[in-house]
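Notes to accompany the following structure.
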Amino acid sequence: MKTRRQFIKISAAGTGAAAIGLQSLKLNGFNFLSEKDEQNPASDEEMTSYPTYCEVCFWKCAGWTYVDKKGNIRKIIGNEKDPHCNGRLCPRGTGGVGMYNDEDRLKTPLIRETDPEGHQYFRKASWDEALDLIAEKMDKLRQEHGPECLALFSHGTGGKMLSHLVKAFGSPNISAPSFAQCRGPREVGFTATFGEDVMSPERTDIRDSKCLVLIGSHIGENMHNGQIQEMSAAIENGATIITVDPRFSTAASHSKYWLPIKPATDLALLLAWIHVIIYEDLYDKEYVKKYAFGFDELKEHVKNKTPEWAYGITTIEPEIIRRTAREMAAASPRVLIHPGRHVTWYGDDTQRTRAIAILNAILGSWGRRGGFYNPEKVHVPNYPHPPYPKPKRSWKDAYPPGKYNLVNEVLSTGICDATIPNPQLDCHLRGWIVYGTNLMASLPDQKKTLEAISHLDFLVVIDTMPMDITSYADIVLPECTYLERYDSLRTSPHREPVIALRMPAAKPKYDSKPNWWIAKQLANRLGLQDYFQWENIEELLDWQLKKIGSSLNEMKRIGVKKYPREYNDLYNLENLEDFEFNTNTGKIELYSTELEIEDFDPLPNYTHHPEPPEGYYRLNYGRAPMHTFSRTTNNHNLWDLMKENSVWVNPKVADLWELENGQYIWLKNQDGIVSSFPIKVRITERIRWDSVYMVHGFGHTDRKLKRAYGRGASDSELVSKVFLDPIMGGTGMRGNFVTFLKEKPANNKEEVES
Ligand SMILES: Nc1nc2c(c(=O)[nH]1)N[C@H]1C(S)=C(S)[C@@H](COP(=O)(O)OP(=O)(O)OC[C@H]3O[C@@H](n4cnc5c(=O)[nH]c(N)nc54)[C@H](O)[C@@H]3O)O[C@H]1N2
Ligand SMILES: Nc1nc2c(c(=O)[nH]1)N[C@H]1C(S)=C(S)[C@@H](COP(=O)(O)OP(=O)(O)OC[C@H]3O[C@@H](n4cnc5c(=O)[nH]c(N)nc54)[C@H](O)[C@@H]3O)O[C@H]1N2
Ligand code: SF4
Ligand SMILES: [Mo]
C-alpha cells in the first residue's frame, strides 16, 4: 500500500466557550433534557427565535433557535407542530448549541503541503485558493479519466447540494454509510416482501400498537425522538413490549418479556414464531388470503422449525417462544415487529429482516393501525436545470455483472472496492469528496478504507470539526454548523405530509461557509453554473415554497407546515381494500420471486455464525442517549453528560479475568488489532457472559479534539472482519471478537494524554 498521505493533526486555537446548563427531566421513564440557561436569565420575550431542524442526528426534529440581544445563541427548543418531535427535543438536540460554539471547530480552508524534508502539514488557505484547487483537480480528473471517476460520500442534509453538483458533473457514485452500514438490508428485505421500503422516519405506528416487538432495536438508548415518545404512549396505553436482546437494554427494562437471546441466532427465533403462528392457526387468514403469495410454501418451510428446534439454537425456552407468539397474535393486526434500523449484523441480515417482514405479514400488520402506516411526503419541485449527463460507468463495474441487482443505493464499501485498482476494470475511482461523514468511524475494516484512500489523486473533506477523516484530506473545507445556515427543505415522509425550514440564527463563525455556497462556487468554476441558476439559497427556497403554496416569509414565521394527504389512506389496508403491491406477483411475497430470480433463498433459512474462540468475547456495540455516533463526543454540553465509553463485562467473566470495576484495559480483536486507547471496565449482569458491549463513537485519534481525543475506545477500529450480505453488500459487523489486555502493549499506536 502506498503511504503517500500522512495523517496530519489539525491545529486549533481558542479558549473555552460558555457552558450551557442542562437539566434532566423524566418523560415517561425515558430521560429527556430541558435546557435551563443559568448564566443568562434572559426571558423568551427578550430573545429572537429562528426556525431550524436539528442536524445532531438524522431524525431531523424541527425546533426554534433562541438568540439574545447580543447575538448569542442561548437555546434550542422543539417545534410543537412537528410530528418528528411534538415540541420536545432529545438531550442531543438541546445540546446542539455545543456544535456551534465548539472552540475546536475547523476555522479556515486547509491545503496539504509537503516541506523539503518530506514532512506533510496543513497550511491555511483562502476560500478562493481552496476552491480553485479543488476545481482544477476535478477538471483534470474529468479530462483525463472521465467524470465517473469521482465519488461523493455524504451523510446529512447538506449533502443534497453536493450530490446535485456531482450528478451535474457526471458521476453516479454518491453514497452514505447509512445504507450498507445501517438500514440497507431492511430496505431490501421489506421491498422484496411488500414492494416498498420502511423509510426514515420509520413508518411504524408505534403509538397505536398493542404489541411491540423489538429485535435488537434499543429504543431508549437509540434516541430517535418520535419513536421514543410513541413507545412511551404505547406503554401507557397498556401495550405489551417484547424485547429480544442479548443485553438488558433500556427497552428490555420497560418490557413484559425480555428474551436474552444468544447473539446471532435471531433468525431461528423468527422462524419458530412463524411456525407457532401458522401451526396454532393464529395468523390473519383473511389478510393472507387476500394479499399474500406463497403461504403454502412458507407453511411447509417452517414445518420443522418448532420452538424446541429454536431452543437449542437461541437458548430461549420453547414455552416463552409460544407465549410471546400468542401475545403477538392476540394483538393482531395492531402488532408491530419492529424492522430495526442499524441491521448490518451478521451478513444474513436481508434474510433476517425478510423473516421480520413475513411475520408482520401473516399477522396482518402492514397498512393497518398499530402496525405499519402508509406515509406521504410533500413533493417540492426542483429549480429548473439542464438534464444530468448520463454516466457511462459506475462503482458497480468493480463487481461481476449482475452482482447486487437488488441494490438501489450506492454501497459505501463499494466505493472503496471501486477505488482500489483492479486489472479487470478500465477505470477506478480517483477522487473523493467526503461531506459530513467520518469514514474512519463509520466504515468497517479501516485498513481497506486507508488502502482505497492511498490510491486517490485527491481527497476533499467538508466537515465542521477536525475528525479522524479530515487528517487524510488533501483539502479541508470548514462548513458552518446547521445553526448558521439555510439548507434544503426537510420533506421526510410522515403520517401527514409536512415540510420544515432551517434558517441561520447566527452568522457563520470563523471563516466557515454553508454547503450550498460551496457547491455553487465549485459549479461556477467547473462550467456547471446552469445547474445553479439561483443567486442564493433564499431565492431557491422562496421559489420552491411558492410552488407549493407557501413562501420563505411564511416559513420563517411558522417553521413547520403540514399539508393534506393526497394519494392514499393512512391505514390503506385497514378494511382489506383492493391493493396491488409493487412486487412481481402484485402480492405481499412471503415467498420472494425476486430473490428466487437472483438465485437467493426465496424463504429465509437459519445459518450458523462463528462463535468466539476460547478467551474471546463477541464485540457488541450500540448507542448512548446523549451522543450521536462520533460526531458529538467533543460537544461540551454532551461531553459533560458522558465523557468516555466503557466496556460492559459480565461478572463471571470479570471474575475469571480478575477485572475490577473502573479499571482501564485495552481490547484486542481476533486479527490482533489492539484498541488505540484504553477503556474502562463496567461490570454488569446486563450483558451475557459470551459478549461485551460498548457505545460507538469514542476513541478519537485527532488531538485537536480537546475533549474527545483519546477518551474511551473505538469499536470501529476493532471491527476489522466483515460478514458481507450476499444479497445487498451490507457489511455485517457483529462477528468480531475481543479479549482483554491489562497492560499497554508495546508499540501501541497512540498514547493517552492526561
Ligand atoms: N442516541 C442516539 N440515538 C441514535 C443514534 C445515535 O447515534 N445516538 N443513531 C441513530 C441511527 S442512524 C441508528 S441506525 C439507530 C441504531 O439503533 P438500533 O437500530 O436500535 O441499533 P442496533 O445496532 O440494531 O441495536 C443495538 C442493540 O442490539 C443488541 N444486539 C446485539 N447483537 C444482537 C443479536 O444478535 N440479536 C439481538 N436480538 N440483539 C442484538 C445490542 O445489545 C443493542 O442493544 O440509532 C439511531 N438513534
Ligand atoms: N463500528 C461501527 N460502525 C458504524 C456504526 C456503529 O455503531 N459501529 N453505526 C453505523 C450507522 S447506523 C450509521 S448511520 C453510520 C453513521 O456514520 P456517519 O454519518 O459517518 O457518522 P459520524 O461518525 O457521526 O460522522 C459525521 C461527520 O459529520 C460531521 N458533521 C456534523 N455536522 C456537520 C455539518 O453540518 N456539515 C458537515 N459538512 N459535516 C458535519 C461530523 O463532524 C463528523 O465528522 O455509521 C455506521 N457505522
Ligand atoms: S432525535 Fe434528538 S438529535 Fe435527533 S434530530 Fe431529534 S432532537 Fe436532534
Ligand atoms: Mo444508522
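Tabulated data
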read-out	value
Where labels lie 7 Å past Cα in the beta-carbon direction, separation of Asn524 and Arg703 in nm	3.9
DSSP bridge orientation in the chain - percent antiparallel, rounded to nearest 5	50
Of all DSSP beta bridges in segment 617-741, antiparallel share, percent nearest 5	55
Order of Trp517, Trp366 under a 10 Å beta carbon neighbour criterion, fewest first	Trp517, Trp366
Lysines whose Cα lies under 21 Å from that of Lys69, excluding same-chain neighbours fewer than 8 positions away	Lys36, Lys507, Lys509, Lys556
Charge dipole (the chain, unit charges on Cβ, about Cα centre) - positive-most of Leu590, Tyr50, Ala135	Tyr50
Cα centroid separation, segment 91-150 to segment 411-450 (Å)	18
Amide proton proximity set for Asn572, modelled H, under 5 Å, gap of 5+	Asn374
Karplus 3J(HN,Hα) series, Hz, for segment 492-506 with 6.51 cos²θ - 1.76 cosθ + 1.60 (x for Gly, Pro)	4, x, 7, 4, 10, x, 8, 10, 9, 9, 10, 10, x, 9, 8
For segment 617-741, with +1 on Lys and Arg beta carbons and -1 on Asp and Glu, the positive-most of Asn635, Trp648, Trp666 along the dipole	Asn635
Options Val498, Ile73, Leu459, ranked by Cα towards positive dipole end of the chain, top entry (Cβ charges)	Ile73
Flagged links, alpha-carbon separation over 18 Å, of Lys290/Lys587; Lys124/Lys167; Lys706/Lys744; Lys289/Lys587; Lys160/Lys562	Lys124/Lys167; Lys706/Lys744; Lys160/Lys562
Sites Glu538 and Glu136, calculated FRET efficiency, Cβ-Cβ separation with R0 25 Å, nearest 0.05	0.25
Sparse-neighbourhood loop sites, GluC sites (Glu not before Pro) in segment 639-670 - DSSP loop, at most 11 other Cβ within 10 angstrom	Glu658, Glu660
Order of Thr52, Thr240 - criterion: other Cβ atoms within 10 Å of each residue's Cβ, fewest first	Thr240, Thr52
Neighbour net charge for Ser488 - beta-carbon separation under 10 angstrom, K R +1, D E -1	+2
Amide H partners (placed H, <5 Å) of Ser154, local residues excluded	Ser175, Ala176, Tyr435
Cα-centre dipole for segment 617-741 with unit charges at Cβ (Lys and Arg positive, Asp and Glu negative), debye to 20	380
Mean Cα-pair separation over length for the chain, i.e. relative contact order, pairs under 8 Å, 6 or more apart, %	18
When each of Lys70/Lys643; Lys447/Lys668; Lys60/Lys256 is checked by Cα-Cα distance, pairs over 19 Å	Lys70/Lys643; Lys60/Lys256
Amide H contacts of Asp463 (H built 1.01 Å from N, under 5 Å, at least 5 apart or other chain)	Leu477, Glu479
Per-residue [θ]222 nm for the chain (sum of -39500 (n - 2.57) over DSSP H runs n ≥ 4, rounded to 500)	-7500 deg cm²/dmol
Positive minus negative residues near Leu270 (Lys, Arg vs Asp, Glu; Cβ under 10 Å)	+2
Fewest-first ranking of Cys61, Cys85, using other Cβ atoms within 10 Å as the exposure measure	Cys85, Cys61
Net +/- balance of residues flanking Phe372 in space, Cβ distance below 12 Å, scoring K and R +1, D and E -1	-1
Distance in nm between pseudo-label sites at Glu496 and Leu570 (7 Å out along the Cβ direction from Cα)	0.9
Charge dipole magnitude, Cβ of K and R +1, D and E -1 - the chain, Cα centre, debye nearest 20	1080
Too-long pairs where the Cα-Cα distance tops 28 Å, listed order kept, from Lys520/Lys704; Lys81/Lys210; Lys262/Lys299	Lys520/Lys704
Segment Glu743-Thr48, length gained on full extension (0.36 nm per residue, minus Cα span)	244.8 nm
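Here, each number is a calculation from the coordinates, and none is a lab measurement. Everything numeric in this text was worked out from a predicted model, so none of it was measured. As a convention, Cβ positions derive from the backbone with ideal geometry for all residues, glycine included, and neighbour counts pool all protein chains shown.
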